[in-house]
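Laboratory data are not the source of any read-out in this text; all were calculated from the coordinates shown. Quick caveat: nothing in here was measured; it's all calculated off a predicted structure. Methodologically, a virtual Cβ is constructed for each residue, glycine included, from the backbone with ideal geometry; neighbour enumeration extends over all protein chains shown.
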Amino acid sequence: MTETLLETAAQAQERDRYTIEQEGIPSPVLMETAARALCSLLESRLVAGSRILILCGPGSNGQDGLAMHRILQEHGWDTAAYCPPGQSLQRRILENRGIPVLTSLTQICALAESLGPDDWIVDAMFGSGLSRPLEGTWHTLTEAANGSAARILAVDVPSGMDGETGPLPGAVIQADLTACIGTRKLGTVLPAALPLTGEVTTLDIGLGNPNTPRTVFELTASKARTCLPVRPLLSWKGTFGKVLMAGGSRRMHGAIEMSARACFHAGPGLLTVAVPEILQPAMRCVLPEAMLLDLPGDPDCISEEAVPAILHAARDMNVVSAGNGMGRQEGTRTLVQDLLQKTDVTLVLDADALSVLDPHWLHRPGGQTILTPHPGEFSRITGWSVSDITANPVKAAQEFTRAYPDTVLVLKGAITCVSEHGQVWVLARPNSSLAKGGSGDMLCGIITGLAASQNPLEAALCGVWAHNQAPLCSKKDPAAFGPQDLVDALSDVWKSLRESRDL
């Protein structure tokens, strides 16, 4: 499949240059194509009597806006456009056709204030190449647009937003709809940008492909579908792999129970759970399908005495997970280090396993490791600040997996980044249903179950998508949706992926 790219402003400009200089498509042709695509999108949202105010900047975005002004007037809509004085191709066309352009800031602000909820403002002031805060006239126009009752369509990115790093300080357009030209811009998926972009769509205007490497992609249903394990008709339990999950303690019994349930519903053939003696009766009730591994030592937690038994069992497994509800005692540290340094099985480390992890252990003699940290856990592992990680998780994920090439990173947060070898897939679909204790344990379980019969990157991508989409299958309000409900919804997610349909 073709990946859904997320590009920086520089990469988008390179694509434009390639299309114009190497493929020979003139810039005015691309501009006209973009303007007509934008008009078609906007007209699908207009109602009879809608008015449109187009705010045009001095660059190519502004030229797209002026072309929209002409096309929409030709289609019979009531439009007005602002553009600072100056000569350009689109301005000359408007003059030749007798279509006026307003230059009075006072007049434009009054017009914006008069618009209602059926009207639209088109933000064509600045595109993804903006690198400094809006000032003067542009700051005033942005405040006027944001204060209007009209809805706002942003062209490429909302003005006031850097196409790579997200919102700049100061005023930023608060769009209801953002139409990215050619490809979605990386800055629009960062956490600070999501409340400002509204609905995001991408318009294909026929830009070429410069064939230079791209490393950041959007995680979509199509991508998740390609990562879902195939379930052949002629198969048996060994076809779908064997899983060992180690975790749990007297105080935190629920984490491993939830994670194991999620794992089982992700489809592995055989599941073995290694929990302290005190949790075994509950685990038999919660998940009778799982086998239990007897552990010596402390009956309340996984102690150092239990580590050899877990390592021995790990030899016959396709994937081993550790950390959920395990606690941070010395046994946890010993187990994590020995799994990383003495086995070549695929590992999934979450929760307490991440709290004791020394990143030097990730340079393994064999096998891959999937890490599933939230920003706080990732900060402890890397030494980077939580604020830096959350401001640009894409950059953080890239840098980490370039340094640790045997690792697949699932960096959780408002957006989730899945990364391997410096490539990053971004899921920018915040879901408040998942903002609860236990949701991360469920994600670990889903990924572990998928990794039993799929490579680690594909398991992480498919698992992250399924975890995010499961609440959409529920009729429960986000406040009432809990991790246990997620397991019940997984079947609908798997079916939707196999049947190539949206939830």
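Counting only Cβ charges, +1 for Lys and Arg and -1 for Asp and Glu, the dipole size of the chain around its Cα centre is about 520 debye.
Put the Cα centre of the stretch 208-222 next to the Cα centre of the stretch 175-207 and the gap is 15 Å.
Determine, for the chain, the count of lysine pairs separated by eight or more sequence positions (or lying on different chains) whose alpha-carbon distance falls under 16 Å. Intermediate values should be presented prior to the final figure.
On the way: LYS185/LYS395; LYS223/LYS495; LYS395/LYS412; LYS412/LYS436; LYS436/LYS476.
Lysine pairs meeting the criterion: 5.
Does anything in the stretch 140-166 have its amide N under 13 Å from the 7 Å Cα→Cβ label point of GLU113, and if so which residues? In the stretch 140-166, the label zone of GLU113 (backbone N under 13 Å from the point 7 Å along Cα→Cβ) covers 144-145, 147-149. If the Kirkwood radius is taken over C-alpha pairs of the chain, then at 25 °C and 0.890 mPa s the Stokes-Einstein diffusion coefficient equals 99 µm²/s.
Taking the C-alpha atoms only, the angle from helix 105-114 to the longest principal axis of the chain is near 60 degrees.
Starting from the exponent 0.38 and prefactor 2.2 Å, build the expected Rg for the stretch 4-212 from its residue count and divide its actual Cα Rg by it. Present the calculation step by step, with values, prior to reporting the outcome.
On the way: Rg = 15.9 Å, N = 209, 2.2 N^0.38 = 16.8 Å.
The stretch 4-212 yields a ratio of 0.95.
Angle check, please: helix 136-147 long axis (alpha carbons) against the longest principal axis of the chain (alpha carbons), in degrees 0 to 90, nearest 10. Once rounded, one gets 70 degrees. Relative to the longest principal axis of the Cα atoms of the chain, the long axis of helix 483-498 makes an angle of roughly 70 degrees.
Quick one: GLU305, GLU420, fewest Cβ neighbours within 10 Å first, how do they rank? All intermediate terms of the calculation are to be shown ahead of the outcome.
Working: GLU305 13, GLU420 23.
With the fewest neighbours first, GLU305, GLU420 line up as GLU305, GLU420.
When +1 charges are put on Lys and Arg Cβ atoms and -1 charges on Asp and Glu Cβ atoms, the dipole computed for the stretch 221-498 relative to its Cα centre reaches about 920 debye.
Modelled label positions at GLN13 and ASP477, each set 7 Å beyond Cα in the direction of Cβ, lie 4.9 nm from each other. The slack in the chain from GLU499 to GLU21, taken as 0.36 nm per residue of separation less the alpha-carbon distance, amounts to 167.9 nm. If both residues of a DSSP beta bridge must be in the chain, then about 20% of such bridges are antiparallel.
Taking only DSSP H segments of four or more residues, each worth -39500 (n - 2.57), what value at 222 nm results for the chain once the sum is divided by all its residues, to the nearest 500 deg cm²/dmol?
Details: 19 runs with 194 residues, N = 503.
Result for the chain: -11500 deg cm²/dmol, rounded to the nearest 500.
Among LYS342, LYS185, LYS475, sorting on how many other beta-carbon atoms sit within 10 Å of each Cβ, with the fewest leading, yields LYS475, LYS342, LYS185.
Cysteine residues of the chain whose C-beta has no other cysteine C-beta under 4.7 angstrom: CYS39, CYS109, CYS180, CYS263, CYS285, CYS301, CYS417, CYS444, CYS473.
Here the label points at THR201 and GLU289, each 7 Å from Cα along the C-beta direction, are separated by 4.1 nm in the simple model. The residues TYR18, TYR82, TYR404, when put in order of fewest to most other Cβ atoms within 10 Å, stand as TYR18, TYR404, TYR82.
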